[in-house]
Each structure stands twice: as structure tokens, then as C-alpha cells.
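Colleague: Sharing a structure, written as C-alpha cells. Questions coming.
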Amino acid sequence: MDDRYSVLRLKNQLCFPLYAVSNLIIRKYKPLLNELDLTYTQYIVMMVLWEEKQVNEKFLCESLCLKSNTLTPLLKKLEEKGYITKRKDKSDERNLLITPTEEGEKLQDRALYIPEAIARESHINEDEAAIIYQILYKILNAEKALNR
């Protein structure tokens, strides 16, 4: 292969291992999350809600790097399952507030084992994980800063 095309080799693309590992890890979550009747995206929404207790839709979109048109049907499903409530903010009716229900809060206890189970499956140690987190959040934070 002509050397000028080496940049187009799959093994030289940062995007490919990120994509492949992301898919692999999300597939590992699937059977664990099935027990909670959650998809991966619903799970990350619930994690934000468990931490924050009440947020608006914009905060969720920004926190999870999701577009509103992705989040809206996801929130509808979580509401149908009885895991969240949505209501308009009395001080600003354009603002939709999302809160976990009691049933949604109970999911947190049921989900406690998931991070450890995924960590065991990832085949990396804590130090390696810390380095990966640092690099990935550097990329995410730089992108968020550009989009502000």
C-alpha cells in the first residue's frame, strides 16, 4: 500500500477502537439492564436522576450528550414504566422538570452491582481505567467547550 494512504488504515483510526469497545461494553450491559427493564440510554438517564434528584430536560441533554429528539421518547418510556415523573416548572412553563419516582429510586439499589460486574468484564485494572477516563473526558470536555 502506498504510504500516503497509511492514515486510512483501520488500525490507524482512533474512531474504530472507540466505536468497537463502546459497542462491546454496551452489549455487556444489556443482560444486566434487562433485569431492571432498562435500555442503556434509560440507565444513564436514571444515573443522572439518582445523583441530582430533579433536573430539567436541557440539563439531561447536556449531561448525556443527547439531542432533545432522542431524549423525549426515552423519557416518555421511563414515565410509562413508572420510573420518572415529568412536570412543567411553575416558575417557567417552558422548562420540563424530571424527577425519579419512588419506584425509580428503588432501581438504584437493584443497580448497585452493575458497575462492578462491568469492571470485571472489561479486563483492565483500576489504574488503567483511570487513565482511560482521563483521556475520554478530556475529549468530551473539549468538545463541550467548543459547542458552548
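Colleague: Is it the case that some residue within segment 99-107 is more than 25 Å from Tyr137 (Cβ to Cβ), over 12 Å from the mean Cα position of the chain (by Cα) and in contact (Cβ under 8 Å) with a residue 60 or more places away in the chain?
Modeller: Within segment 99-107, one or more residues are more than 25 Å from Tyr137 (Cβ to Cβ), over 12 Å from the mean Cα position of the chain (by Cα) and in contact (Cβ under 8 Å) with a residue 60 or more places away in the chain.
Colleague: Tyr29: touching a Leu at 6+ places or on another chain (Cβ under 6 Å) and either crowded, with 16+ Cβ neighbours inside 10 Å or in a strand (DSSP E or B) (or both), yes or no?
Modeller: Considered against the rule, which asks whether it is touching a Leu at 6+ places or on another chain (Cβ under 6 Å) and either crowded, with 16+ Cβ neighbours inside 10 Å or in a strand (DSSP E or B) (or both), Tyr29 comes out as no.
Colleague: Six or more apart or on different chains, Cβ atoms under 6 Å: show the pairs whose first residue is in segment 9-21 and without any contact (Cβ under 8 Å) to a residue 12 or more places away in the chain and whose second is surrounded by fewer than 10 Cβ atoms within 10 Å (Cβ to Cβ).
Modeller: If the second residue must be surrounded by fewer than 10 Cβ atoms within 10 Å (Cβ to Cβ), the pairs left are Phe16/Leu10.
Colleague: Would you tally the residues in segment 53-84 being under 14 Å from Thr39 (Cβ atoms), hydroxyl-bearing (Ser, Thr, Tyr) and either surrounded by fewer than 15 Cβ atoms within 10 Å (Cβ to Cβ) or out of contact with any Gly (no Cβ under 9 Å at 6 or more places or on another chain) (or both)?
Modeller: 1
Residues are listed down the side, and each one gets a yes or a no for (1) free of Cβ contacts under 8 Å to residues at least 12 places away in the same chain; (2) within 22 Å of Pro17 (Cα to Cα); (3) open to solvent by less than 50 Å² (accessible area, probe 1.4 Å):
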{"residue": "Lys86", "(1), (2), (3)": "no, no, no"}
{"residue": "Leu97", "(1), (2), (3)": "no, no, yes"}
{"residue": "Asp109", "(1), (2), (3)": "yes, no, no"}
{"residue": "Ala117", "(1), (2), (3)": "no, yes, yes"}
{"residue": "Asn125", "(1), (2), (3)": "yes, yes, no"}
{"residue": "Tyr137", "(1), (2), (3)": "yes, yes, no"}
{"residue": "Ala145", "(1), (2), (3)": "yes, no, no"}
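The values are calculated or read from the model by the stated rules, or taken from the named source; none is laboratory data. Just so we're clear, the structure is a prediction, and the values are computed from it rather than from any experiment. Here Cβ is always computed from backbone atoms with ideal geometry, including for glycine, and neighbour counts include all displayed protein chains. Ligands, DNA and RNA are excluded from the accessible area calculation, which covers all protein heavy atoms including side chains. Shrake-Rupley method; radii C 1.70, N 1.55, O 1.52, S 1.80 Å.
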